[in-house]
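What follows is one structure encoded as structure tokens, with my remarks underneath.
The values are calculated or read from the model by the stated rules, or taken from the named source; none is laboratory data. For clarity, every value in this text was computed on a predicted model and none was experimentally measured. Quick reminder, even Gly has a Cβ in these numbers, built from the backbone with ideal geometry, and neighbours come from all protein chains shown. Surface accessibility is based on the protein's heavy atoms, side chains included, excluding ligands, DNA and RNA. Shrake-Rupley method; radii C 1.70, N 1.55, O 1.52, S 1.80 Å.
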Amino acid sequence: MTKPILEVVDVSAGYKNKRVIDSISFEIQEGEIFGLIGLNGAGKTTLIKNILGLRSPDEGKINHYGKENISFLPERFAPPWFLSGFQFLQFSQRLYKKTISLEEAQEAAQLISLDPDALKRDVKTYSKGMRQKLGLLATIKSDSKLLILDEPMSGLDPKARQEIKKLIKNAKQKKQSVLMSSHILSDVSELCDKVAVIHQGIRLFLGTPDQMKKQGGNDNLEEAFLNLISKKVA
């Protein structure tokens, strides 16, 4: 068996006297797209902060290749507005001891229908979709072993979502692993090899999207999710 890219082992964490996540465990393998599903306030952000090393678990442990092999795209991605798109890509690549030429950046931009000429403009002129594409481009071009994407499709139109899904699939083909938090369960169903449902701080489900549909009693992943958490609430 291959060694997992990421191991989360019985991780519990909270703030002051409130426990936010309780005994969460899962693994992510090389080249696997892993979906993290839950309502707002379920504990997903706290879990991601622990994985990134922004805080330490109160209990349990997290094993991975190291922070230098993780690249993170937050939900509210806002690159410095005084930089051009290309300058931001150059900056982000330097963080991973890599370089990128304007020609390489423009070729990559074309793959996701980001206007290559826009890379010469300040990002303050970009729409939300353009900023999101730029952020995902920088994240994936880092060649990190693990990409953590927090709501990567948030606020995007269907065309932009389709292009970003293409980028994520290409990352999988390059043996990069992806941990993706998303409320758009149709995208999770299409992209993810495995999913974990976090509800009220606990891991309610772990398995493939098809297994989740079966356990939730519905061929629609969103309906299956709602059935699963309704049973927990009941």
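Which whole-number percentage describes the relative contact order of the chain, with Cα contacts under 8 Å and a sequence gap of 6 or more? The partial results should precede the final answer.
Numbers: 434 pairs, mean separation 60.9, N = 234.
RCO, the chain: 26 percent.
For segment 8-75, the relative contact order comes to 38 percent (Cα pairs under 8 Å, sequence separation of at least 6). For segment 166-210 and segment 3-66, what is the centre-to-centre distance using only Cα atoms, to the nearest Å? Between the Cα centre of segment 166-210 and that of segment 3-66, the gap is 14 Å.
Neighbours of GLU222 by Cβ distance under 14 Å: Lys/Arg scored +1, Asp/Glu scored -1, total -3. Taking amide H atoms as placed 1.01 Å from N in the peptide plane, the amide H of VAL20 lies under 5 Å from those of ALA13, GLY14, TYR15, each 5 or more residues away in sequence or on another chain.
Per residue, the solvent-accessible area of segment 1-92 (1.4 Å probe, heavy atoms of protein chains only, all protein chains present) comes to 53 Å².
For segment 115-165, the Cβ-based charge dipole about the Cα centre amounts to some 40 debye (Lys, Arg positive; Asp, Glu negative; other atoms uncharged).
Each Lys and Arg Cβ is given +1 and each Asp and Glu Cβ -1; about its Cα centre, segment 9-132 then shows a dipole of about 660 debye.
Under the Kirkwood approximation for Rh and a Cα-based Rg, what ratio Rg/Rh is obtained for segment 98-164? Each step should come with its number before you reach the end.
Working: Rg = 11.8 Å, Rh = 12.5 Å.
My calculation of the ratio gives 0.94.
Quick one: compute the contact order of segment 1-118, relative version, from alpha carbon pairs under 8 angstrom and 6+ residues apart, as a percent. Show your work: numbers first, answer last.
Working: 124 pairs, mean separation 25.9, N = 118.
Computed over segment 1-118, the figure is 22 percent.
Can you give me the Kirkwood hydrodynamic radius for segment 1-124, using every pair of distinct Cα atoms, in Å to one decimal? Walk me through the intermediate numbers first.
On the way: mean 1/r = 0.0582 Å⁻¹.
So the Kirkwood estimate lands at 17.2 Å.
With a threshold of 19 Å on the Cα-Cα distance, the over-threshold entries among LYS97/LYS141; LYS120/LYS169; LYS141/LYS174 are LYS120/LYS169. Beyond 27 Å in Cα-Cα separation lie the following of the pairs LYS98/LYS133; LYS49/LYS133; LYS44/LYS133; LYS145/LYS213; LYS49/LYS194: LYS145/LYS213. Here the accessible area is traced with a 1.4 Å probe on the protein chains. For the chain, carbon and sulfur cover 49 percent of it. In the distance distribution for the chain, Cα-Cα pairs more than 32 Å apart total 21 percent.
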